[in-house]
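In what follows, a single structure is set out as C-alpha cells and then discussed.
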Amino acid sequence: MTTTIADEFEVHRPRLFSLAYRLLGSAEEAEDAVQDAYLRYSGADRTGIEHLAAWLAKVVTNLCLNRLTSARARRERYVGTWLPEPVVTGDGALGPLESAEQRDAVSMAMLVLLERLTPTERAVYVLREAFGYGHREIAGVLDLGEANCRQLYRRAVRRVGEPQARFEPASEQQEELVASFITAAREGDLAGLEKLLAADATWWSDGGGKVTAARWPIEGGPRIAHFLAGGGPKFTVGLDFVPVEVNGATGLATWAGDTLVGLAAFEVRDGLVIGVRAVVNPEKLAFARRQLVRS
C-alpha cells in the first residue's frame, strides 16, 4: 500500500498539536498552525528532509513564534481576565499525562505563567521542559547559538519558577469534592461552600466581554463562597454540569441544552479547592465542544 503525504503527516499531527498548544495557549490557533505546517510539508522537497519529526517540529515552532507576537498584542486589549482555551484531556489530546509533572505542564495555571515569557523564551522552555529537547537541538530549531538557548532557558525558569506539581492529580475523591461544590452552589449553601474552599482560594472567570463574568479574580474562600451562594441558585437553573478532565485537572463542563457554555478546571490541595479557572467566552469553547460531541 502506498503511503501518501497526508498519511505521513498524520502520524505526527497529535505531537505537533500538543507542541503548538503549549506555545500558543489556544487550541484553535494550534490547529491552524499544524495545518499550515502540513501545507508547507506537502509543498516541500521531501528528498532533503532527513528527520521528518524534527523538521516538522521546527516548522510548527516557528509558525507559532510568528503568531505569538500578534497574540500578545491582542491579549493586552483583552476584556477582563485572560485564560487559555481549555482542552479536554481525558482522550489524550495533549499526549500522555500520567505524572503530576506532565499534568502541570498543560495546566491552565502553567499556561498563564508562560504568558510572562517572550515568544523565544517560551519556545525554549516548552521544548526543554515538555519535550525533553537538549539545548543543541533547541538551537537547531530556533537557529540560535547553543549558549544563547541556555541563557534563554535560565531566564525563562526564573520567570516561571522551577518545575513543580502545582496541583494533585485528578481522582475520584476530587470528582466528589467538585460535585459537592456544585451542589452547594446550586443550593446557595454558604456554609457548605466555605467548608470546601481554602482560605486563600482564587476564582478566575474568562468571558472576554462576550458574556457576563467576573472581570477580575475573586480572592479568598469566603469571598468566593458569598459570590457563588448569592448567584448560584439563580444562574444554575436549566444548566447541566458534567465531570470532565480539563487540561489535566478535575473539571466541569456546563451545558445549556446542546450548547457548551462553560468549562472550569479545579485546582485542589489537601482536600480543598484552592483555585477555579472558568472559561465562559463562547469563542474559546468551540474546540472543546467538538471534542465532547465526538466522545
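Here are some notes:
- The range 230-277: mean projected area of Cα convex hull, nm²: 4.0
- Farthest toward the positive end of the dipole of the range 79-127, out of 81, 100, 125, is the Cα of 81, where the dipole comes from beta carbon charges about the Cα centre.
- Rounded tilt (10° steps) of 172-187 against the dominant C-alpha axis of the chain: 50
- P(r) of the range 162-295 over all Cα-Cα pairs, binned every 10 Å from zero, in whole percent: 12, 45, 36, 7, 0
- Largest GNM mean-square fluctuation across 33, 44, 229, computed for the chain with C-alpha springs under 10 Å, falls on 44.
- Shape analysis of the chain based on the Cα gyration tensor places the equivalent ellipsoid semi-axes at 36, 21, 17 Å, largest first.
- Hits among aspartates and glutamates - C-alpha to C-alpha of residue 195 under 17 Å, sequence gap 8 or more where chains match: 175, 176, 187, 219, 267, 270
- C-alpha long axis of helix 146-160 to longest principal axis of the chain, angle in °: 0
- Overall dimensions of the range 211-257 as given by Cα atoms, namely Rg and Dmax in Å: 12.5, 32
- The H on the amide N of residue 250, modeled in the peptide plane, is under 5 Å from the matching H of 170, 266, each at least 5 residues off or on a different chain.
- Cα centre as origin, Lys/Arg/Asp/Glu Cβ charges: the chain dipole, Debye: 1020
- For the range 27-111, chymotrypsin sites (Phe, Trp or Tyr not before Pro) meeting the loop criterion (DSSP other than H, G, I, E, B) and having at most 13 other Cβ atoms within 10 Å: 78.
- Residues of type aspartates and glutamates that residue 210 reaches as a straight line, Cα spacing below 13 Å, ignoring anything fewer than 8 places off in the same chain: 283
- Measuring nothing but protein heavy atoms, the accessible surface of the range 97-240 at 1.4 Å probe radius is 49 percent carbon and sulfur.
- Between the helical axis of 13-24 and the longest alpha-carbon principal axis of the chain there is an angle of about 70 degrees.
- Kirkwood-type hydrodynamic radius, the range 42-85: 13.0 Å, calculated from all non-identical alpha-carbon pairs.
- Rolling a 1.4 Å probe over the heavy atoms of the protein chains gives the chain an accessible area of 49 Å² per residue.
- The amide H of residue 87, built 1.01 Å from its N in the peptide plane, has 247 as neighbours under 5 Å, considering only residues 5 or more places off or on other chains.
- Cα pair count fraction exceeding 23 Å, expressed as % - the range 5-114: 32
- Helix-only CD estimate at 222 nm, as mean residue ellipticity for the chain, using -39500 (n - 2.57) per DSSP H run (n ≥ 4): -16000 deg cm²/dmol
The values are calculated or read from the model by the stated rules, or taken from the named source; none is laboratory data. Given the structure is predicted, the values throughout are model-derived calculations rather than measurements. Every residue, glycine as well, gets a Cβ built from its backbone with ideal geometry; the counts of neighbours run over all protein chains shown. Side chains are part of the model used for accessible areas, which takes the heavy atoms of the whole protein and leaves out ligands, DNA and RNA. Shrake-Rupley method; radii C 1.70, N 1.55, O 1.52, S 1.80 Å.
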